[in-house]
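Following: one structure in structure tokens, then a few remarks.
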Amino acid sequence: MEKKIGVLLCKCEGEIANKIDLIKVYDWLNEKHPSSTIQIHNSLCKKPNEIGNFINNNNTTNVIIGACSKYRELFEEIAIKEKMKPFCLRTVGLLEHCALIHSPKYATEKAKIILLAALSREKKFNGVNIENLKRTKTRPDRKMDRRSFLTFPIKFRLQIIPTIDNARCVGMQGCNLCFEACPKQAISNL
């Protein structure tokens with residue numbers, strides 16, 4: 001199956017669009033990656049169904065969202081609901097990394113570079129094997145008493161667990177580089 005990468009750029013109701021020329025970013029990305037589908041939206045956090053519509057209408061396998069990173073979890077929930085593979089949605093914090101800290105000229109150039117890097121990553125990213133995923137509970141965002149502990153909705157999040165590819169590891173031949181490099185000494189000597 002061929003990868004179809006989609007890019008959603010959010011104006012953040014003007015917060016991003018006032019500093020970053022999203023039309024220039026759109027044109028530049030379209031020139032560099034003509035096979036990608038790119039759209040500009042006004043406020044993805046207030047209209048998250050637009051993300052689901054984008055995924056379904058364009059049959060995207062990987063999605064990059066250029067927006068504020070504080071809504072990353074919301075965007076990930078939508079990707080899971082749309083049955084995308086885990087970690088095939090990437091949020092690029094254009095507000096925090098570009099718009100708030102740079103002049104418009106530099107913010108636009110930095111946004112281009114960050115999004116191009118994300119596109120290149122998604123092009124090569126094949127997803128995560130199911131054996132490398134672990135479900136973890138998220139912490140509550142408020143203090144809890146005993147009663148609310150029993151009624152609090154538990155949210156789960158997927159976490160990537162690194163593993164060693166035994167077919168490529170030369171540890172059995174006496175390499176031991178990973179054993180020596182591990183700062184926590186979590187790897188036993190072979």
Practice problem: Only residues in the range 9-38 that are on the phi < 0 side of the Ramachandran plot count as the first member; pair them with residues that are aromatic (Phe, Trp, Tyr), Cβ under 6 angstrom, at least 6 apart or cross-chain, and list the lot. | Solution: ILE38/TYR26
Exercise. Please go through the range 99-115 and pick out each residue that is crowded, with 16+ Cβ neighbours inside 10 Å and either at pLDDT below 95 or farther than 19 Å from VAL63 by Cβ (or both).
Key: ALA99, HIS102, ALA107, THR108, GLU109, LYS110
Quiz item: Which one of the conditions (1) at pLDDT 75 or above; (2) farther than 30 Å from ILE16 by Cα; (3) among the hydroxyl-bearing types (Ser, Thr, Tyr) does SER120 fail to meet, given that it meets all the rest?
Solution: (2)
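Table: residues versus (1) among the hydroxyl-bearing types (Ser, Thr, Tyr); (2) surrounded by 10 or more Cβ atoms within 10 Å (Cβ to Cβ); (3) at pLDDT below 75.
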residue	(1), (2), (3)
ILE130	no, no, yes
MET144	no, yes, yes
ARG147	no, no, yes
ILE164	no, yes, yes
ALA167	no, no, no
GLY174	no, no, yes
GLU180	no, yes, no
Self-check item: Residue check for ILE20: assigned to a loop (DSSP other than H, G, I, E, B) and within 23 Å of SER120 (Cβ to Cβ)
Solution: yes
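The values are calculated or read from the model by the stated rules, or taken from the named source; none is laboratory data. As the structure is a prediction and not an experimental result, all values here were calculated from the model. Cβ sites come from the backbone with ideal geometry, for glycine too, and all protein chains shown count toward neighbours.
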